[in-house]
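Visitor: Input: one structure, supplied below.
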Amino acid sequence: MSRPLAITAAVAALLALTGCAGAAAPAPSEPAASFTAAPSASAPTDPSAEPSASADPLVMTDDWLEYATSDGSASFRYPPTWTLEADSEPFSPGGSTDTQSPERWADSATLTAPNGQQLLAMHDFVDIGGTCGGVTFPLEVLATEPARAEPLLPDAGDPVIATVALGTDDDRWRVGVGITSSGSIERADACHVYFVGSSSDGGVSFGTHFQLNSGGDDPLWTVDSLDDARAYMETDEYATIVEILRSFETR
């Protein structure tokens with residue numbers, strides 16, 4: 001996984017424009033599955049909900065397990081029926097892998113649901129760069145609520161848990177859920193949306209994607225209409241994703 005240390009001024013300018021860029025960190029591998037889940041009576045996240053610390057739980061979390069990074073700079077809780085795979089690697093400038101005195105440890109974790117689909121990934125990252133090339137697609141914000149993470153940049157707005165849909169070149173929608181900043185999604189169109197925040201250790205990403213984009217092959221998170229996206233927000237699977245993101249904390 002990628003590793004953080006410093007966010008440059010160029011990165012700041014790009015993220016202010018919704019981070020339309022190529023990413024240094026690899027996106028989690030996409031399972032070959034359709035964007036479906038068993039329906040339930042769970043309600044979608046209310047965009048005007050109170051901060052996550054006081055929001056009513058969407059699913060029961062009493063028996064959930066906890067994961068924390070090697071240095072304790074980030075943590076989250078997850079259901080015992082989901083599979084956690086975590087790793088921590090030494091990171092030093094210049095690509096050195098000195099395990100005796102690394103400048104930091106780069107942590108990563110993925111969460112796989114009982115149906116075998118990898119739905120969430122958390123990883124440290126170093127940098128974001130690149131441009132959109134002038135091509136953008138419609139961006140719809142379907143739900144937001146405050147997050148416990150720190151924003152990546154001081155002027156990027158407040159950290160939020162956001163559910164967004166980004167248009168594609170075949171008139172469909174790419175859907176994603178994750179930690180981002182309010183300022184990065186306050187626009188009508190975009191080429192990418194980054195689910196990123198920060199901790200005392202540097203940049204950290206947590207969500208269904210590191211970089212949600214309108215191109216490529218992403219069958220798990222591609223739907224035909226916004227109604228399909230909203231229908232998914234009525235499922236237990238979506239409610240569980242939101243509750244995991246609510247538990248995410250950075251220090």
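Visitor: Run the accessible area of segment 150-220 with a 1.4 Å probe and give the carbon-and-sulfur part as a rounded percent.
Guide: Values: 940 of 2250 Å².
Of the solvent-accessible surface of segment 150-220, carbon and sulfur hold 42 percent.
Visitor: With all protein chains present, calculate the accessible area of TRP173 using a 1.4 Å probe and round the result to the nearest 10 Å².
Guide: We get 40 Å² for TRP173.
Visitor: On a 1.4 Å probe surface of the protein chains, which of THR180, THR112, THR131 comes out largest in accessible area, and what is the full order? Don't skip to the answer; put the middle values down first.
Guide: Numbers: THR180 5, THR112 25, THR131 110 Å².
From most exposed to least exposed: THR131, THR112, THR180.
Visitor: At 1.4 Å probe radius, can you tell me the per residue accessible area of segment 115-251 in Å²?
Guide: Values: 4590 Å² over 137 residues.
Accessible area per residue, segment 115-251: 33 Å².
Visitor: Moving on to the next point. Suppose we take every Cα in segment 99-238 and form the convex hull; what volume per residue is that in Å³?
Guide: On the way: hull volume 19.5 nm³, N = 140.
It comes to 139 Å³ per residue, whole-number rounded.
The values are calculated or read from the model by the stated rules, or taken from the named source; none is laboratory data. As the structure is a prediction and not an experimental result, all values here were calculated from the model. Just the protein is used for accessible areas: all its heavy atoms, side chains included, with ligands, DNA and RNA removed. Shrake-Rupley method; radii C 1.70, N 1.55, O 1.52, S 1.80 Å.
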